[in-house]
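Below: one structure, written as structure tokens.
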Amino acid sequence: MHRIEIDELRTRVHIGVTERERRRRQCIAVSLIIVPETAYDEIEDNVDRTVNYSSVRREVLDLLEKGSFRLIETVARTIAERLLGLYAMTKLEVTVKKYPYRDTGSVSYTLEV
């Protein structure tokens, strides 16, 4: 199996359960594991035959910078729906990390589709 991994793509988004919390942007990190539909042997060193990770990165950043979310679960689902609609893949794993507490490294949610 082959896969593409984007590890901890960081951006600031409007996220939080309360309106007060969503007023200011908070840092989140998104990690993706993508299994392209095209087999490795068929890619033939051609970016058009695989999932272009640069395009994926831009899509995720654009989606998050324009949105407002209550839950990291919603962020993961929104990203998954967008990417599955745009790219040919057999598996996608989306992990979203948020850093809400001083005494905790992060809180994360992972969605596999």
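We did not get these values from a lab; they are worked out from the coordinates using the rules stated. None of the values given here were measured: they were computed from a predicted structure. As a convention, Cβ positions derive from the backbone with ideal geometry for all residues, glycine included, and neighbour counts pool all protein chains shown.
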*Compute the signed sum of charges (Lys and Arg +1, Asp and Glu -1) over the other residues within less than 13 Å, Cβ to Cβ, of LEU84.*
-2
*Would you be so kind as to identify which of VAL75, TYR99, ALA29 lies farthest towards the positive end of the dipole of the stretch 4-112, taking Lys and Arg as +1 and Asp and Glu as -1 on Cβ and the Cα centre as origin?*
TYR99
_Looking only at the chain, where both bridge partners belong to it, what percent of the DSSP beta bridges are antiparallel (to the nearest 5)?_
90 percent
*Two-decimal ratio, the chain, of alpha-carbon radius of gyration to 2.2 N^0.38 Å*: 1.14
_Spelling out what I want: for every residue of the stretch 56-68, take phi, set θ = phi - 60°, compute 6.51 cos²θ - 1.76 cosθ + 1.60 (Karplus), and round to whole Hz; glycine and proline get x._
4, 4, 4, 4, 5, 4, 4, 4, 6, 5, 8, x, 9
_Can you give me the long-range amide H partners of HIS14? Hydrogens built in the peptide plane at 1.01 Å from N, cutoff under 5 Å, separation of 5 or more residues or another chain._
GLN26, PHE69
*Springs between alpha-carbon atoms under 10 Å, Gaussian network over the chain: tell me which of SER31, SER68, SER54 tops the mean-square fluctuations.*
SER54
*Working from Cα positions, state the angle (0 to 90°, nearest 10) between the long axis of helix 72-86 and the longest principal axis of the chain.*
30 degrees
